[in-house]
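Read the structure below first, then the notes.
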Amino acid sequence: MISKIFTSEELNQVQSLIAHASQIVILSHMSPDGDAMGSSLGFRHWIKGCMPEKEVTNIVPNSFPSFLHWMPGAKDIVVYEQQSEEANRKMQEADLIICTDFNEPKRIGSVGTILVERINAGTPCIVIDHHIVAAEKSIVHQTLAFVRPQSPSASELVYRLIVACQETSNQMCPINLDAATCLYTGMMTDTGNFSFNSNYAEMYEIIANLVRLGVNKDQCYNQTFNAYTADRMRLMGYCLEKKMRIFPEYHLAFIYLSRRELYRFNFQSGDAEGIVNLPLQIKDVYYSCFMREDKVSPSEVELAGGSKIKVKISMRSQGNRPVNTFCHDIFGGGGHMNASGGEYYGSLTEAAQRFIESYSKYCKRD
Ligand code: 5GP
Ligand code: MN
């Protein structure tokens with residue numbers, strides 16, 4: 001039995017909003033990862049499966065990595081940075097907006113400004129997410145929001161919401177294979193293939209249900225994780241051999257890469273995914289930080305405040321060693337206890353310096 005986490009009133013509200021909408025936009029966050037893609041595509045496949053007459057559009061702010069191109073429906077996603085006119089039109093026409101895997105407008109760059117405008121103009125909005133965000137930065141108070149930080153992935157929450165809706169209304173149909181495949185993939189990627197945040201039985205009951213629906217979990221794994229380019233593999237080797245610094249007394253590893261280094265390895269979006277996890281494979285390394293220099297994309301110009309470059313920070317940890325407070329305090333970011341990130345609008349050297357000056361205040365020596 002999967003426990004119930006939504007009230008019947010909440011489920012009625014979700015069903016009513018979907019039933020009354022004809023043009024739905026589903027948004028997910030910048031630099032979409034497997035969970036952003038899985039939760040938003042999964043939601044769309046389910047609505048389309050139930051109510052094919054509705055127009056449902058997935059929009060993400062910028063491009064997603066090539067190892068997620070295989071996901072069902074990925075080719076139909078409207079990428080704001082490449083199709084801003086279409087994305088703008090869809091946002092204006094939408095009579096329901098669904099946000100998955102984020103609840104802070106900042107996480108979707110300039111699409112966030114449009115989202116806030118639309119919400120203020122009265123467009124209904126459903127939010128389903130697992131990130132803790134300070135109240136003043138979040139849209140939860142103006143929307144029908146389901147934010148459950150204890151959930152390992154937004155995809156799992158979408159699964160639970162779909163199944164609960166289906167159980168309470170005969171208008172809502174069961175989850176279909178495309179939705180199931182997307183949701184499984186989000187659950188898989190946000191738990192590192194079930195190697196963290198994954199120690200509770202209900203997750204495996206959900207997986208069993210998804211496999212019964214026809215999900216080929218081995219194929220999802222292979223298509224996602226065994227799909228590196230040779231350049232990406234070499235970049236990983238370079239990071240480990242030439243760039244990784246270890247601070248043994250703080251159980252910490254630190255890697256940073258300049259744009260010039262990334263260029264050398266023909267860097268493509270998504271190639272850095274997973275590099276931050278590698279040092280955690282070393283015995284007695286419990287914290288890892290990875291930084292890379294990036295250019296400020298058109299959808300972030302307002303945030304960047306004049307800077308043309310930014311540094312993307314990723315942190316990971318093991319056990320009771322929060323990195324979200326570190327990312328929040330030092331880099332204005334946040335995230336989960338063991339997986340967080342942030343952005344620094346300035347040079348790589350400055351960002352690295354900030355990190356070096358701060359880590360001893362946040363990392364435990366034990
Ligand atoms: P990643 O290191 O994979 O980019 O991000 C890991 C997690 O950190 C994300 O799931 C998200 O919760 C959080 N995160 C990453 N970047 C940012 C950021 O710039 N701001 C905030 N608030 N959270 C972030
Ligand atoms: Mn997520």
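Every read-out reported here was derived from the displayed coordinates using simple, explicitly stated rules and does not represent laboratory data. Remember, predicted model here, so these are calculated numbers, not experimental data. For neighbour counting, all protein chains shown are included, and Cβ atoms are generated from backbone atoms with ideal geometry for every residue, glycine included.
In the chain, Cα pairs under 8 Å separated by at least six residues give a relative contact order of 15 percent.
Note: relative contact order over the range 254-366, using C-alpha pairs below 8 Å and six or more positions apart, is 22 percent.
Using the Cβ of SER169 as centre and a radius below 14 Å, the other residues enclosed give a net charge of -3, where K and R count +1 and D and E count -1.
With Rh defined as the Kirkwood radius, the inverse of the mean 1/r over Cα pairs, the Rg/Rh of the range 2-97 is 0.99. As a rough guide to protection, the peptides 322-329, 350-357 ranked by mean Cβ packing within 10 Å, highest first, stand as 322-329, 350-357. Here SER307 and ARG148 are evaluated by their C-beta separation; at R0 = 35 Å the FRET efficiency comes out at 0.50. Listed by chain and number, the lysines whose C-alpha is less than 19 Å from the C-alpha of LYS137, apart from same-chain residues fewer than 8 away, are LYS106.
Divide by every residue of the chain the summed helix terms, -39500 (n - 2.57) for each DSSP H run of at least 4, and state the resulting mean residue ellipticity at 222 nm, rounded to the nearest 500 deg cm²/dmol. Before the final figure, lay out each step's value.
Values: 13 runs with 142 residues, N = 366.
The helix contribution divided over the chain gives -11500 deg cm²/dmol.
Starting from the Kirkwood radius over alpha-carbon pairs of the chain, derive D by Stokes-Einstein at 37 °C in a medium of 0.692 mPa s and give it in µm² s⁻¹. Show your work: numbers first, answer last.
Values: Rh = 21.0 Å.
In µm²/s, the coefficient rounds to 156.
Taking a ≥ b ≥ c as the square roots of the Cα gyration tensor eigenvalues, with a/c under 1.5 meaning rounded and otherwise prolate when a/b beats b/c, else oblate, which class fits the range 125-224? Judged from the Cα gyration tensor, the range 125-224 comes out oblate (a/c at least 1.5, b/c at or above a/b). Fewest-first ordering of ASP271, ASP129, ASP95 by other beta carbons within 10 Å of each residue's beta carbon gives ASP95, ASP271, ASP129.
What trypsin sites (Lys or Arg not before Pro) does the range 224-310 have in DSSP loop regions with at most 14 other beta carbons within 10 Å?
Passing sites in the range 224-310 are LYS283, LYS308.
Sorted fewest first by neighbouring Cβ atoms within 10 angstrom, MET244, MET71 come out as MET244, MET71. The overall shape of the range 230-361 is oblate: from the C-alpha gyration tensor, with semi-axes ordered a ≥ b ≥ c, the ratio a/c is 1.5 or greater and a/b is no larger than b/c. Take every pair of alpha-carbon atoms less than 8 Å apart whose residues are at least six positions apart; their mean separation over the length of the range 168-233 yields a relative contact order of 40 percent.
Per Stokes-Einstein, at 4 °C and 1.567 mPa s, what whole-number D in µm² s⁻¹ belongs to the range 8-224, with the Kirkwood radius over Cα pairs as the hydrodynamic radius? Show your work: numbers first, answer last.
Values: Rh = 17.0 Å.
For these conditions, the coefficient is 76 µm²/s.
Spacing of the modelled spin labels on SER16 and SER258, each 7 Å from Cα toward Cβ, amounts to 5.9 nm. For a modelled paramagnetic label at LEU177, 7 Å from Cα along Cα-to-Cβ, the residues of the range 194-224 in reach, with backbone nitrogen under 13 Å, are 211-217.
Fewest first, what order do GLU9, GLU93, GLU300, GLU104 take by the number of other Cβ atoms within 10 Å?
Sorted ascending by nearby Cβ count, the order is GLU9, GLU93, GLU104, GLU300.
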